[in-house]
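Here the structure comes first, spelled out in structure tokens, and everything after it is commentary.
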Amino acid sequence: MSRSDKGVLVLYTGGTIGSMPADPNDPESPQRVVDWDTFLEMTPQLDPKLLNKRPDHIGFKVDSWSLEPPLDSCNVTPDDWLQMAQVIYDRHDDYEGFVIAHGTDTMVYTASALSFMLINLKKPVIITGAQRSHTFLPRNDGLQNLLTACHFANPKRSKIPVVPEVCIYFGGELFRGNRCRKMDSEGYDAYFSPNYPSLGHAGGSLEVNEKNILPIPKQALQLRKRLNTGVVTFDVFPGIQNSHFVERMIDSNEIKGVVIRSFGSGNIPTAPKFLENFQKANDNGIVIQNVTQCVKGAVSLGIYETSAALLEIGMITGFDATPEAALCKLMVLLGDEDLSKDEVATLGQQCLAGEMSSSVYVQKLKEAGANRIDSKEGERKRLAPAEAIGGSWQSKQISNASLRLYGGEVNTETDSPVEIDVYINVGSDDELHHGLPNYAGSFKRRQSDGKFIISFDITTAAKALIQTGDRVSVTTKLNGQGSVTWQRAEIALFINETD
Ligand code: ASP
């Protein structure tokens, strides 16, 4: 063993990988999770007492910690996540990395939760398990998964780059854990990562796809210890709008967060009574995040006006986050007592641990005296920034930008639409004309039927003019006969996080 090699800590939590038939004489009897000592007896390759004594020993120090008692992962709870996270936090500097032996059923939840609880992780945390255990089955995937996970967790020994992330290793592939879904209840390739490429691969040798892994953070490791378990997730389905399911759930005081698994790119039934439930939930301080029930792809809430009704009732987008990652993220964010509901909603839409391919950054615009443009006034209207745009990104990462006027109403005095010119960051004395580089576009709108979000696409100008940390002003001018009014305005930037 090289002296500087600190070895690996295995956190044993149970699952099929650690199960044996309840009756040792009957291999068909129901399987039961065994304790760590029994598991280690059946796994001499990891036994620290056998280091340098067996040719098939893994060849470096493997210490252990066990959940007491180890569990079928169906019975794992957020308290168990906390125990795992605490051990990794406390012993982070003592090892090259960590392996979690875990049941396959809820592995992606544990991976997701840990990815949000362990902030600024600098070491690999590799979660693995098995469809068939090596403890009693000669033909199995358990032993290879476990040994390979240990190799990924010890980059020094394996001579591979450090993957400072909570990963799932299974069936030859290393994935970002919070991007994974369990797709097969039997096959050895049980997981896949629909919206993010794999981080590595194990065949004859180990490979790490360095361009896909997160950078090693410079800041100190932190542990988010509190989780709010008042979070639920459900699928919308045809007919849900006629049931009282959502109404009852939202009326319960226990619920603080909802992950709604929508159709396609973020759609849900639009029956007004059904939508009212969400408005009410939002008014009651419940955070509602929209992810897709499609296996792959993202919701595009807020990019087009079609999904605007959902924005208007306060729903936030989960982009291409898995439902499991979105649920665990809300539990962690809502558990942080220092965050207000608005801050949870803001962070919910930002990529915190590589779980989403995009983040949205919003800059509110001041409302006072600036929520009306009127052709009669013939004047331009300047919407001053109420705050600076957050985040740390480059302008080329802006994939989409919108000016949103919530509760907007268009009144035209003729049948023709009005035209609204939008400029960003022009001085009060600058002359407005379409040749200005600050000109973001002209948008035609017809008489509106009630108050509704009005959204203008300002992507091209935003890419050229807006930078992280800026305070951006918007100047509007109305052409034609009529007026546009709104209740509140903001600029929303969609930042591509995979560039
Ligand atoms: N029920 C088991 C578990 O998740 C299944 C498995 O490990 O494959 O713990």
Counting all C-alpha pairs of the stretch 232-293, share separated by more than 14 Å (%): 52
Expressed in square angstrom to the nearest 10, the accessible area of Met42 with a 1.4 Å probe stands at 70
Looking at the chain, what % of its DSSP beta bridges pair antiparallel, to the nearest 5? 65
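Suppose accessible area is computed on protein heavy atoms with a 1.4 Å probe; arrange Arg181, Arg54 from highest to lowest.
Details: Arg181 35, Arg54 90 Å².
Ranked list, largest accessible area first: Arg54, Arg181.
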Cα atoms only, the stretch 392-474: Rg and Dmax in Å? 14.4, 45
Hey, how much of the P(r) for the stretch 1-67 falls beyond 14 Å, as a percent of Cα pairs? 63
Shape category assigned to the stretch 253-329 from the gyration tensor of Cα positions, a/c cut at 1.5: oblate
When the solvent-accessible surface of protein heavy atoms is calculated with a 1.4 angstrom probe, in what order do Glu497, Glu210, Glu355 fall, highest first? Glu210, Glu497, Glu355
Ratio of Rg to Rh over the stretch 285-434 (Cα coordinates, Kirkwood Rh, two decimals): 1.01
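Express the accessible area of the stretch 60-186 per residue in Å², computed with a 1.4 Å probe while the remaining protein chains stay in the model.
Solvent-accessible surface per residue comes out at 32 Å².
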Using a 1.4 angstrom probe on heavy atoms only, work out the carbon and sulfur share of the accessible area of the stretch 207-344 in %. 50
If you roll a 1.4 Å probe over the stretch 99-194 with all protein chains in place, what percent of the accessible area is carbon or sulfur? 52
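Between their Cα atoms, which of Lys53/Lys156; Lys61/Lys218; Lys61/Lys123; Lys49/Lys182; Lys225/Lys280 are more than 24 Å away from each other?
Pairs exceeding 24 Å: Lys61/Lys218; Lys49/Lys182; Lys225/Lys280.
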Bin by bin, in steps of 5 Å, what percent of the Cα pairs in the stretch 149-262 do you find, going until the bin that has the longest distance? 2, 9, 14, 15, 13, 13, 12, 9, 7, 4, 2, 0
Among trypsin sites (Lys or Arg not before Pro) in the stretch 237-315, those in a DSSP loop whose Cβ has at most 15 other Cβ atoms within 10 Å are Lys296
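So for the stretch 56-154, considering every pair of alpha-carbon atoms, how many percent are separated by more than 22 Å? Could you put the intermediate results ahead of the total?
Details: 1367 of 4851 pairs.
Cα-Cα pairs of the stretch 56-154 separated by over 22 Å account for 28 percent.
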Grab the eigenvalues of the alpha-carbon gyration tensor for the stretch 286-343, scale each by 5, take roots, and send me the semi-axes largest first in whole angstrom. 21, 16, 7
With the radius of gyration and the Kirkwood radius both derived from the Cα set of the chain, what is their ratio Rg to Rh? 1.06
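Counting other Cβ atoms within 10 Å of each Cβ, which trypsin sites (Lys or Arg not before Pro) in the stretch 1-103 have at most 14 and sit in a DSSP loop? Please report the intermediate quantities before stating the final value.
Working: sites: Arg3, Lys6, Arg32, Lys49, Lys53, Lys61, Arg91; in loops: Arg3, Lys6, Lys53, Lys61, Arg91.
Here the trypsin sites (Lys or Arg not before Pro) that fit, given the DSSP loop and packing criteria, are Arg3, Lys53.
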Please report, in cubic angstrom per residue, the volume enclosed by the convex hull of the alpha-carbon atoms of the stretch 213-341. 126
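Quick one: plug the Kirkwood hydrodynamic radius of the stretch 133-213 (C-alpha pairs) into Stokes-Einstein at 37 °C, 0.692 mPa s, and report D in µm²/s.
Using the Kirkwood radius from Cα pairs, D works out to 251 µm²/s.
Find the accessible area per residue for the stretch 190-346; the probe is 1.4 Å, ligands and nucleic acids are left out, and the unit is Å².
47
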Over the stretch 87-237, equivalent-ellipsoid semi-axes from the Cα gyration tensor in Å: 22, 21, 15
Solvent-accessible surface (1.4 angstrom probe) belonging to Thr38, in square angstrom, nearest 10: 50
Please compute the Kirkwood hydrodynamic radius over the stretch 1-128, one decimal place, Å, based on all pairs of different Cα atoms. 15.5
Could you work out, for the stretch 375-419, what percent of all Cα-Cα pairs fall into each 5 Å distance bin, beginning at 0 Å and stopping at the bin that holds the largest distance? 5, 10, 15, 22, 16, 11, 10, 8, 2, 0
Could you bin all the Cα-Cα distances of the stretch 102-173 into 5 Å bins starting at 0 and give me the percent of pairs in each, rounded to whole numbers? 3, 17, 24, 23, 17, 11, 3, 1
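The values are calculated or read from the model by the stated rules, or taken from the named source; none is laboratory data. Predicted, not measured: the structure shown is a model, and the values here were computed from it. Virtual Cβ from ideal backbone geometry, glycine too; neighbours counted across all protein chains shown. Accessible surface is based on the protein model in full, side chains and every heavy atom, while ligands, DNA and RNA are left aside. Shrake-Rupley method; radii C 1.70, N 1.55, O 1.52, S 1.80 Å.
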